[in-house]
Each structure stands twice: as structure tokens, then as C-alpha cells.
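Read through the structure below, which is laid out as C-alpha cells, and then see the notes.
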Amino acid sequence: MPPILPDFSSSVKLKYVKLGYQYLVNHIITLTLIPIMIGVTIELIRLGPNEILNLWNSLNLNLVQILCSSFLVIFIATVYFMSKPRTIYLVDYACFKPPVTCRVPFATFMEHSRLILKDNPKSVEFQMRILERSGLGEETCLPPSIHYIPPKPTMESARGEAELVIFSAMDSLFEKTGLKPKDIDILIVNCSLFSPTPSLSAMVINKYKLRSNIKSFNLSGMGCSAGLISIDLARDLLQVHPNSNAVVVSTEIITPNYYQGKERAMLLPNCLFRMGGAAIMLSNRTTEKRRSKYRLVHVVRTHKGGDDKAYKCVYEEEDREGKVGISLQKDLMAIAGEALKSNITTMGPLVLPASEQLLFLITLIGRKIFNPKWKPYIPDFKQAFEHFCIHAGGRAVIDELQKNLQLSTEHVEASRMTLHRFGNTSSSSLWYELNYIESKGRMKKGDRVWQIAFGSGFKCNSAVWKCNRSIKTPIDGPWADCIDRYPVHIPEIVKL
Amino acid sequence: MATTVNIVCKRTVVSTKAIEPGKYLPLSVLDRFMEKNHIRMVYYYQTSGELELGKLTKKLRETLSEMLTHFPIVTGRLLRDDMGHWKIKCNDAGVRTLEAKAKGSVEEWLRNVDREKELELVYWEDMLEKPYYWSTFYVQLTEFEEGGLAIGLSCTHLLADPICATRFMKAWADISLGNKITSPPIFHPLPPQRSQNKKPNNNSNPYMGLISHYKSIIEKPIFVKEAKYTTISMGFSHHMVQACMSMAQFIGSSSPSPTPFDALAGLFWVTLSKIKGIKNGFVDMSICLDVRKILGLDQGFFGNSMLYNKVHLEENLNLDLTENKFPQATRAIRDVVAKIDNDEIMDLIEWLENNDVNSSKMMNVHDLIITSLEDVDPYLAMFQDMFKPIRFSCYIEPVFGEGHVLILPNPLDEGPLGRVVMVTLEEEDAIKLCEDDFILLFSPTILMKCVK
């Protein structure tokens, strides 16, 4: 969407005008202060030291006044520092790397599909078409129980998958951060579709023998955006509890949710969802500041559940044969777009530089007062962020967001490559994407990252992080053995 | 007796590295000729008891996965090319793998095993209508509850002959020990046709050998007798085979001593002819040999290179004297073995290619077939945590006609001449074979009896 200025946007001159405008508005305070300060300094120099001393004595300040004013200053400073929210640091995080033996190439997936659904060739055709256009690669992984012909999703195997994913990620996290299990004060586990009793957080507490006064939470049913909901919860808890560590575990357990029927709308998740998980360590301790990777700046949550269509667009239900699956409606993309717009409206003022906000304000006023036909100005978020992590929900989601936010190929590269290498790992996909950016050596101190997640409900949640220290490659993580092969070109349709 | 082998699960094992898409491997004429056959092998192992059996199977699957990276032809699927010939698309689909449990221990099983039971240890599915979704190789891992493991490998003869199949297992074993594969598989077409300046094809030569044999197979209508076949397995010790070899020679002959294969093949040819009631002469017989060395193929060549050739007896033989029968038979076999040379094989290949052979023929429909698997060394397949295989069985299915005799090495013996012979015959013939005096002369150990 071009701005209201006349259409010679391809001209180089306009580019410089834009840059000048941005610099001017963003640094307006500095630009006004500097002349004032120069003026004052010149004046002081002109007056000379004796004159300044005379000025000071003429104020007739006595001890009481000086004491009161200093107390006032100290008091205001204390109130300010006390009421400032605690800074939340992301010390480090670890992503689960699935074992190579769980790999599912396209050919195997299609063969199994054909063998299991032999009476429904149309459903098999549908799955094949989805897989061809999905943007997934040949190295995505499914849990062992789904490899059987037919799949054997038992509760035991679901627990087995949960243990494999969560414990691997946590062991990796402990190793990276040197965190001792006894030092975890807050534990939040989010897994949308598998919720056993005792909960997954209880499972973690049992395995690592965590403290008995731990504050543990288990979020289930909240969809793919639950990862950021957990981060938000952790942040709020860390405001209340000083000097604490929080561990957030985001995962999705595929085993019990593999749809075994033939309804097409419900077969879609089978094609896209894959095994994955991440464990994140957050802290509000000032001692962690030095080694933390990121600092949490904002979390913005938007819920469109109030709208019936949004509520029903990702819906878990039984099909005609009584088999449970998640059905996705056709208007999913449109609803996602709407949710994103809501989220941006709240996020914009928090992160956008003054120049963009001013432009947006001007167009808004202009549309309301002068001419409703003016195109709405879409703020350029590329000026607010260096990196974008878009939930790898599917190729369509990434395409849609790339279009809406006017992002370049490099900005969405992390998302596309994560989708290719790991598939849709639900709430943990944002962490794989972040790891990709780090593995490529693109994360420098001061860089701002925007994580956007969508989930059933329909929710759009975002988190903004600021990089605390430059991260040097090579880094240990799920991308370690394959980062050199990326980015790959992903064809529109893969011929199966 | 009730089935004591229970299939626990079925899945597909894929390789650890993704294959570049768009790779195809063609199949040679020799491969395509074997379309109707399949191979089934069983390896028996005693486990050390350190690892729980479930864990052992898991480790085996993981090593299988790693090994498959070297065998893209095995994880691919069959497709027809423009000329209607089979080829393999290397689409990384994987190998079907089954896990099963059996009661008792492996030794107990081996004491009571027969053909039907043994075949339960190696799963096989005939080609589906749409072979693109059909796995060409099957692996079955059967754990014995009281100790021991059986690995069953079955595959279509289109892709591999028994020698390749054993190399496949050896490669798997190498990987499980953490080593590199000793002879990595190579997939290439058979040696190309020679240039035009070869010696002229003398049509006057009556002995066309290979070509005439294959031609007769193709032209003969398939007539399949409905009969029940059973398999017996006999082990011959080193000394016994030596005795057999000396008996196979004409008394006072100065010609070189027959090989163990020649002698044993002769022995069974003579005996089976007698059992089948053929008084004058012998039953129709062909031998099947590995010709890798003759063709100069590399150790790692993966593909069919076993050829069949008919064994005729010379005219004017004095077969009334029974003492002469055995040496005559052995000599006839030796002659055929010695005669096969590179030129002849190349001629055959050329002939097969030019005549665009319809592969719906089967090799072993009529004659008694005696196959030499002496180049196979299945006992080299030593896996981690399991030692040498304690038994090895091989079947080339389906069997029709007069029957099938497989001659395999037997390392459980001290000497290098020991052999195991697996004979698949009609039931009545099999029973008679076990009781035949001539065979019993060599005191074979009956490893597998007939079904009663």
C-alpha cells in the first residue's frame, strides 16, 4: 500500500526524503535538546565563573530547603525504581531434536496413508495434494507409535512421547544454563491436546525432583499460541516473586491426536503437525543479566473468540464415524488476518518509531476527516524489528503474513525453513525459528525480535524480545547438523 | 501345532539421510527375468542375555535405518519405464519391518522346526496391483521369549539374488558393530555389450548352452502341478563331503577332483532320480550358479547375477552300472560349470535384451534345480550383542516342478568343506529322501525334518 505521497516511490530521491523524515521525527527530542544545550553552555561560558557564583548566592538557599529538595529527589527516584516492572530475562532455551529414526519421508507417509485408508482413495488423494504443497521437507518426524501400520496411539505411547520430548529438551536446557533443578521456582508446561492426570508439569516435577514449594502450571487446550501465553504468565508471576527462575516448556504431543478417519477437513493436521518441543528459562534475577540472551519487552495477546466464526474455525469434534479430529474451516486465513490486524493495532504504538506512528496518525485523521477513500497506511514494522518469527502453521499462514506485513524473503526465511525441516511443531515452532536465526549468526546485540503465534480460539499473540548480547556461531541446537544446507529453495509443488 | 509366532507390529523403517529426489535405477535383463520369484532367508542368533529383548530389537532397527542410507535401491519403489520394463524410483519410502514374539527359546525352536514354521519367521507379501506402494524388501525380527532372536529377510528376486541379500545382511551387521560396510553396494548395469569386432557367432555350434536353455524356458508353457512341497535341511560334515568327493570320481581317474558342489549336486541328482523312479538316466536338471567372478563384477555389485543352465548327459553312457552313475553325474555337472564363460554370458544378455523378453516366465517350473550358494557366507553377519548366526536358511520361492536343492556353506563344522543342503520337494519324495541309503551313507545331520 503506497503512502499518500504522489506515486514516484521508485525514485531514489523519495527514499532519501523518507530517510530524512524518519531520522528527524525519531530523534526529535535529541535534535531540539542539542541546540538548547549548546546555547546554555555558550551563555555560561560568556558569563564567566564569578557571575555564576553570584547567581548561585542570590538564590539564598538555606540548609532546610536544600535538604528538603534532596529528599524530594531521592523520594521520587525511589518511587520510580520501585514501581518499574522487573525486567524479565530469557537466559537460554533448548529445542528438542527428534531422533533420525522417527523421520517420515513423503513417500512413506503416502504409502502408509494408502495402506490405512485403502477404502478411501479420495481422502488419500487429498492428503497427497496437501503434502505436495505443504512446504514440509523430507526430514520431519512423527512419534514412533504413528509409524505403525495402523498407528497405535495408546496412552502409554503418548506419555512415552511426552517424556522423550520434554525430558530431552529439559536436559539440554540444564546443560546449557547450568540451572539446578532445585533452583526452579516457577514451572509452566503447555501442551494443547494431551492432558493426562497427573499433568505433564507433575511429570516434570517427578522426573527432576523439583522443590515442593514450586509454582507449577499446566496449560492445555490453548492451541498453537499457548507458548506465548505461557511466557506471559511467567512474566506476570516473575513480577510478583522477586529473585526467581521460571522454566516454560512448550510442546505438542502428536500421538493421541492422529486422526484415524477419512474426513478431509480433519486430515489436514495429520499432514502438517510434527514432533517438537522447547524448554525456555526465564529469570528476573539481576545476576542473570550478563549472560542472558534476550530481554522480554512486550507481550500482546488478542482474542477473537467473541466472534462466532473465529471461535469455530479450528474445532475439535467427532466425525460421522465417531472418530475425533480437529477440523479446520476454509475461512481460517481470513480470520487469521483479522486477528493479526487487531494484534498489530495494539502492538503498533508500543514498538513503532515515532515517524511511523505519526504517519499512521496523519492518515487516520485524514481518512476520518478529509477523505475516507485514502488507503490506510500500513506501518512499516521492518523499522521496529530486525527479526521476525512467524508461527510455522503452514505455508499459507507464512505467505499471508508476509503479504500483510510487507516482509521480504529474508525476514520470513526462518519460518519457512523451520516449516521445511521440522514441520508444524505447534507452540514450539517459534523457538526453532529463533534458533535458526541464531545459528545463521544473524542475531546481534540490540536486535529486536517479534514472535507472532496464532492458535485456536481464535487467538493472535505476540512477544517482543530484545537481544542482550551478540550470539556467536556455531551454536548447539537442533539446526547444528543441517544449518549449512539452508536456506533451501522450496518448490511450489513437490512431485510425489 | 498352534502358531507360536505372534506378530506384534508392522511399520516402515526409513534411511537416516534424505535422498535427493529424482533418482532412478534401472533393472538389468537378468533382474527382470526373475520377476516371479522371491527369496526368503532366516538367520538365527543366540543372544547374550545382557540386553532386554525389546531394546535389542530397537537397536537393530536403528542400525537398519543407518544402513539403508547406502541402499537407495532397497528403499525405492518399482515403476515401469517407457518400454514397459521395471525400474526403481529412489523415493526413500523405506523397508517394511515387522516385529514378532515367539514362545520358547531359539534352540528349542530349532529342534522342532519345519518348513511351515520357519516361513512364519519371515514375512512376505506378494506384489500389489499398484507396485508403487509395495515394499520390495521385508524384515522380520522375532524375539524368542526364553532367549534368542531370528531375523527374517525376504525380497523380490527382481532386485537381488541370494548373494546380494546376504551382503545386505552383512552390511547391516557391519553398521551395528559401528564399522563401515566392508563392500559397499554399487548399483550399475551389467557390463556393457562388447564392441562389434567379436568372433562371429557360429550357428553351427550345437552347444548353445545358456541361450538355448533360456529360450526353452521361455517357450515352454507353464504347467504347474498342484502339489504340496516341503523342505528338508541336511548338514554334511567336512569328512563326509570329502568322502563324497572321492566317491564321485571315477576310480583311477587322473582328472582333477570334483568340487564339493559338483559332488553334492551329483549325489542329490542321482538319489532324487532314483526316488522319482527314473530308471534309465536322470531327472531333468538345471544348475544355478553365481557368475560374478566370471563377469568380473565388483564385490559390492547389487543385482542379479546368477544364471541357470541345463545339465545334459553325454550320449552313449553306460548307466547300467550303478557305480558309474554318481561319477557320471558329477562329471556332467562339472563340465557345465566349467563351460560357462564370459563370452557366453554376454551372448545371453545380448540375446535377452534384443528379444525383449517377456518376464512372466519362471525359471524353476519344470526341472530339478540345484543352486550353488557357496559364495554366500551368511555366518559373517555378526551383530553387536549377538554372536555368529547359529543357523541360516534360505528359500527361493515359489518352487514347482521336480524341486529345488540349495547347497550352502556350513561353518559350524571345523573344516571348510562342510555343507548344508536344503531340499524342497513334494512331500512323498521328501520322506523317501530322508530314508535313502545312499544319502545316509554320508551321515547327514537332519537340521530340519519334513512336516508329518
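The values are calculated or read from the model by the stated rules, or taken from the named source; none is laboratory data. Not measured: the values here are computed from a predicted model. A quick note on method: Cβ atoms are made from the backbone with ideal geometry, for glycine too, and the neighbour counts reach across all protein chains shown. Heads up: the accessible areas ignore ligands, DNA and RNA and are worked out on the full protein's heavy atoms, side chains in. Shrake-Rupley method; radii C 1.70, N 1.55, O 1.52, S 1.80 Å.
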Within the stretch A:263-288, considering residues that are within 24 Å of A:Val314 (Cα to Cα) and in a strand (DSSP E or B), the one most open to solvent (accessible area, probe 1.4 Å) | A:Phe273
Only one of these is open to solvent by 10 Å² or more (accessible area, probe 1.4 Å) and facing chain A (nearest Cβ under 10 Å): B:Glu52, B:Glu62. Name it.
-> B:Glu62
Tell me which residues, restricted to the stretch A:111-127, are facing another protein chain (nearest Cβ under 8 Å) and open to solvent by 10 Å² or more (accessible area, probe 1.4 Å).
-> A:His112, A:Arg114, A:Leu115
Scanning the stretch A:292-315 residue by residue, those over 22 Å from the mean Cα position of the chain (by Cα) and either exposed (fewer than 15 other Cβ atoms within 10 Å of the Cβ) or over 22 Å from A:Gly393 (Cα atoms) (or both) turn out to be A:Gly306, A:Asp307, A:Asp308, A:Lys309, A:Tyr315
Check whether at least one residue in the stretch A:81-88 is farther than 29 Å from A:Trp465 by Cβ and either modelled with pLDDT under 90 or touching a strand residue (DSSP E or B) at 6+ places or on another chain (Cβ under 9 Å) (or both), and report yes or no.
-> no
Yes/no for A:Ser172 being at negative phi, touching a residue at least 40 places away in the same chain (Cβ under 8 Å) and of a type in the set (S, T, N, Q) = yes
Pick from B:Ser443, B:Ser372: which is of a type in the set (S, T, N, Q) and over 12 Å from the mean Cα position of the chain (by Cα)?
-> B:Ser443
Name every residue in the stretch A:139-157 that is under 20 Å from A:Asn424 (Cα atoms) and either open to solvent by less than 40 Å² (accessible area, probe 1.4 Å) or more than 11 Å from chain B (Cβ to nearest Cβ) (or both), in order of residue number.
-> A:Glu139, A:Thr140, A:Cys141, A:Leu142, A:Pro143, A:Ser145, A:Ile146, A:His147, A:Pro151, A:Pro153
Taking the stretch A:128-138 and keeping residues within 12 Å of chain B (Cβ to nearest Cβ) and open to solvent by 30 Å² or more (accessible area, probe 1.4 Å) leaves A:Met128, A:Glu138
Single condition A:Val91 does not satisfy, out of (1) surrounded by 19 or more Cβ atoms within 10 Å (Cβ to Cβ); (2) closer than 30 Å to A:Pro150 by Cβ; (3) more than 14 Å from chain B (Cβ to nearest Cβ); (4) of a type outside the set (Lys, Arg) = (2)
Pairs only if they're at least six apart or on different chains, beta carbon under 6 angstrom, first in the stretch A:188-204 and crowded, with 18+ Cβ neighbours inside 10 Å, second part of a loop (DSSP other than H, G, I, E, B) and of a type in the set (Val, Ile, Thr); list them, first residue then second.
-> A:Cys191/A:Ile253; A:Phe194/A:Ile253
B:Phe71 passes all but one of (1) within 12 Å of chain A (Cβ to nearest Cβ); (2) under 22 Å from the mean Cα position of the chain (by Cα); which number fails?
-> (1)
Residue, modelled with the highest pLDDT, within the stretch A:443-457, restricted to residues that are within 24 Å of A:Cys224 (Cβ to Cβ) and open to solvent by 20 Å² or more (accessible area, probe 1.4 Å) | A:Arg448
Name the pairs whose Cβ atoms lie under 7 Å apart, with the first residue in the stretch B:5-19 and more than 8 Å from chain A (Cβ to nearest Cβ) and under 18 Å from B:Lys58 (Cα atoms), the second open to solvent by 50 Å² or more (accessible area, probe 1.4 Å) and not in a loop (DSSP other than H, G, I, E, B), and 6 or more positions between them or separate chains?
-> B:Asn6/B:Lys101; B:Val8/B:Lys101
Among the residues of the stretch A:63-113, how many are over 30 Å from A:Ser157 (Cα atoms) and assigned to a loop (DSSP other than H, G, I, E, B)?
-> 5
Could you name every one of the strands (runs of 3 or more DSSP E) located completely within the stretch B:19-134 that has at least 1 residues being over 28 Å from B:Leu297 (Cα atoms)?
-> B:38-45, B:95-102
Pairs under 7 Å by beta carbon, first residue closer than 20 Å to A:Leu193 by Cα in the stretch A:297-326, partner among the acidic types (Asp, Glu) and modelled with pLDDT under 95, six or more apart or different chains?
-> A:Cys313/A:Asp331; A:Asp319/A:Glu263; A:Val324/A:Glu316; A:Val324/A:Glu318; A:Gly325/A:Glu263; A:Gly325/A:Asp319; A:Ile326/A:Glu316
Can you tell me which of A:Ile475, A:Ile369 is of a type in the set (A, V, I, L, M, F, W, C), farther than 25 Å from A:Tyr89 by Cα, open to solvent by 10 Å² or more (accessible area, probe 1.4 Å) and at pLDDT below 95?
-> A:Ile369
In the stretch A:374-413, which residues are among the aromatic types (Phe, Trp, Tyr), out of contact with any Leu (no Cβ under 7 Å at 6 or more places or on another chain) and open to solvent by 10 Å² or more (accessible area, probe 1.4 Å)?
-> A:Trp374
Right, A:Pro99: under 21 Å from A:Thr255 (Cα atoms) and surrounded by fewer than 19 Cβ atoms within 10 Å (Cβ to Cβ) or not?
-> yes
Please find, among A:Leu237, A:Leu228, the residue that is in contact with a Phe, Trp or Tyr (Cβ under 9 Å, 6 or more places away or on another chain), over 30 Å from A:Phe126 (Cα atoms) and either buried (at least 18 other Cβ atoms within 10 Å of the Cβ) or not aliphatic (A, V, I, L, M) (or both).
-> A:Leu237
In the stretch B:201-278, which helices (runs of 4 or more DSSP H) lie fully inside it and hold 1 or more residues that are modelled with pLDDT of 85 or more and crowded, with 18+ Cβ neighbours inside 10 Å?
-> B:238-247, B:260-275
From the list B:Thr182, B:Thr142, B:Thr166, pick out the single residue that is outside any helix (DSSP H, G or I) and crowded, with 24+ Cβ neighbours inside 10 Å.
-> B:Thr142
